[in-house]
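J.: For reference, the structure I am asking about is given below.
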Amino acid sequence: MGHFLPNLQVLSLGGNELSGTIPNSIVNASQLFILDLSHNSFSSSIPTTIGNLRLIQKLSLASNKLTFQSPKLMSIFSSLSSCKYLILLTLSKNYLNTLRLSGNELYGHIPACIDNMTSLRNLDLGFNQLTSSIPLSLWRLTDLLLVDLSSNSLNGPLSLYIGNMNVLRILDLSKNQITGCIPVTIGGLKNIANLSLAFNRLDGSIPTSVGELVSLELLDLSYNNLYVEIPKSLEKLSFLKHLNLSINKLQGEIPSRGYGVNGTWSRNAKFSHDTNSMPLATWRRISHQELIRAIEGFNANNLLGEGSFGFVYKGTLLEGTTVAIKVLNLQVKGAFKSFHIECEVLRNIHLRNLVKIITACCNMDFKALVLEYMPNGNLNMWLYSENRCLNMQLQRLNILIDMATAVEYLHLGYAMPIVHCDLKPTNVLLDEDMVGNIANFDIAKLLEYGFEGLVSTRGDPTNDMFTGEMSLKSLVQESLSLVQESLSLSVLEVVDANLLSNENDYAAMEECLLSTMGLALHCCTDFPEQRIGIENVVATFNKIRLRFLKDISGR
């Protein structure tokens, strides 16, 4: 229809009995600034090209039979982002089943009219900048299966009506500023499997009605101000696999019965069944003032480095422990999100080759992570500094294996895949034994949150380890196929000549280099699905190392 009405500015067809689909051609009426199709019987979905109506100011599609399914819904909202004059969008009373708007910069409050979305089953508004309290009307959507409002700035108490959500499976309200007590009516969540209220300002006791959540598999109440004793009713939770009550003021004994055999009491030695968990002493609360003392008031002599979201200082805690303290610059866009992502990743990982988090300080105007200190700095210093040198090929190979092992754990060994997204020599730290540890997870992606984007575990690897300069990456990108065809001839032209200076081990080192570079090229083939899996990378590296050790010992 837009073909015949190119100059139409207002189209109001609301309150009729129109049916069928909204025609794609409507976007050709490019001068429209008001479009009202509400209170009809339009079905199917909105044209994904709706964003071509660049001048649209008011778009009303309420009270129809429109359906909205992710990921098409995200395409629609992405298209609407081109409509810079849009001030009103109404979609209420349609057949909206799933609404996922996580990871945007939405601000303001959740509208009270949300209860008009009666067909909604999945609501994900996490990782935004939403404020105010959760509207009471949300708890009237009793058919919801998933509610994720995590990583916002929502405040106020939890409503007693939360217990009405008796079919809800996942509720994540973590990383907000919710206050007050956990309502006793929470026991009404009879089908809840995952419940997280972590990183809020909840106080009071854990209600005994939590023991009525018989389907519960994950319960995270960490980083609050809960006190009194841990209720005995938790013994009834026979399906519980993960319980995190750390960083509270709780007392008493842990449940002696119930609690699934595969479960873990996270991040507290008193509660832990995980031998890799850190001792309770290292997870004590730490104040802003103590951290400032530890780094001597931001003394420049203690500065270890600067990142995108803040500064890292060397500090000494009151008990004498030397640590690295990452202080976030909260004026930088994305700093809040990076802090929460890094906490989420580091607090649950247990591997030697990943930098450990010791504790955190999280106030409204100050956020810092206290991390394990690495005395030998970062890999970049050893690769490109005139004062330091990784002069042994075996040492470089060992660090590569450390890095590959860590990536394998992140991609395959964690509850959900984690993509680091910024793996480079400056983010590989070396301990006193020159063991490589991957650090800096502030832009990492947990694939559960990043599924709408192009995040993958099959990215290009770093490739600076055996070159004397930082140019191999561009060489590979420009002439990858040529290098693959003539690997044995070209590899010696790009590697650091110092690695082949020992004539006695020349043949062994050359073979090791050829094998390593060949593996690197398998990791960067044009099509991600053709790249070698990280588990095979680790196995191949270990074979290369064994062959190298055999060759140099047999000379």
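The values are calculated or read from the model by the stated rules, or taken from the named source; none is laboratory data. Just so it is clear, the structure is predicted and the values come from calculations on it, not from any experiment. Cβ placement follows ideal geometry from the backbone for every residue including glycine, while neighbour counts extend to all protein chains displayed.
J.: Would region 373-383 turn up any residue that is closer than 25 Å to SER287 by Cα and either surrounded by fewer than 18 Cβ atoms within 10 Å (Cβ to Cβ) or over 25 Å from the mean Cα position of the chain (by Cα) (or both)?
T.: yes
J.: Related question: Under 6 Å between Cβ atoms, which residue pairs at least 6 apart in sequence (or on different chains) link something in region 116-140 that is closer than 14 Å to LEU101 by Cα with a partner that is at pLDDT 85 or above and part of a strand (DSSP E or B)?
T.: ASN122/LEU146; LEU123/VAL147; ASP124/ASP148; GLY126/ASP148
J.: Spot the failing condition for CYS113; the list is (1) under 28 Å from GLU344 (Cα atoms); (2) surrounded by fewer than 17 Cβ atoms within 10 Å (Cβ to Cβ), and only one is missed.
T.: (1)
J.: Ok, one more. Which of the residues spanning region 116-143 are under 18 Å from LEU160 (Cβ atoms) and β-branched (Val, Ile, Thr)?
T.: ILE134, THR142
J.: Restricting to region 316-347, what's the tally of residues that are buried (at least 19 other Cβ atoms within 10 Å of the Cβ) and assigned to a strand (DSSP E or B)?
T.: Counting residues in region 316-347 that are buried (at least 19 other Cβ atoms within 10 Å of the Cβ) and assigned to a strand (DSSP E or B) gives 6.
J.: Further question on the same structure: Can you tell me which of SER79, SER38 is crowded, with 17+ Cβ neighbours inside 10 Å, touching a Gly at 6+ places or on another chain (Cβ under 6 Å) and at pLDDT below 80?
T.: Within the list SER79, SER38, the selection yields SER79.
J.: Here is a list: LEU136, LEU158. Which entry is within 25 Å of GLY188 (Cα to Cα), crowded, with 21+ Cβ neighbours inside 10 Å and modelled with pLDDT of 90 or more?
T.: None of the other options fit; the residue is LEU158.
J.: If I filter region 184-202 for residues that are in contact with a Gly (Cβ under 8 Å, 6 or more places away or on another chain), hydroxyl-bearing (Ser, Thr, Tyr) and surrounded by fewer than 22 Cβ atoms within 10 Å (Cβ to Cβ), do I get at least one hit?
T.: yes
J.: Looking at LEU195, LEU168, LEU138, LEU144, which one is outside any loop (DSSP other than H, G, I, E, B), closer than 23 Å to LEU240 by Cβ and not hydroxyl-bearing (Ser, Thr, Tyr)?
T.: LEU195
J.: Out of (1) over 25 Å from TYR227 (Cα atoms); (2) among the basic types (Lys, Arg); (3) surrounded by 18 or more Cβ atoms within 10 Å (Cβ to Cβ), the odd one out for LYS175 is which?
T.: (1)
J.: Can you say whether LEU390 is out of contact with any strand residue (DSSP E or B) (no Cβ under 9 Å at 6 or more places or on another chain), of a type outside the set (S, T, N, Q) and outside the structural domain of ALA335 (by TED's automatic domain parsing), as far as the supplied structure shows?
T.: yes
J.: Mind telling me which of the residues SER30, SER43 ends up being under 21 Å from TYR85 (Cα atoms) and among the hydroxyl-bearing types (Ser, Thr, Tyr)?
T.: Answer to the selection: SER30.
J.: Next question, about the same structure. So GLU296 clears everything in (1) assigned to a loop (DSSP other than H, G, I, E, B); (2) modelled with pLDDT under 80; (3) surrounded by fewer than 16 Cβ atoms within 10 Å (Cβ to Cβ) except one condition, right? Which one?
T.: (2)
J.: Just need a number here: residues in region 514-551 that are polar (S, T, N, Q), surrounded by 15 or more Cβ atoms within 10 Å (Cβ to Cβ) and touching a residue at least 60 places away in the same chain (Cβ under 8 Å).
T.: 1
J.: Please specify each residue of region 224-239 satisfying the condition of being touching a strand residue (DSSP E or B) at 6+ places or on another chain (Cβ under 7 Å) and assigned to a loop (DSSP other than H, G, I, E, B).
T.: ASN224, ILE230
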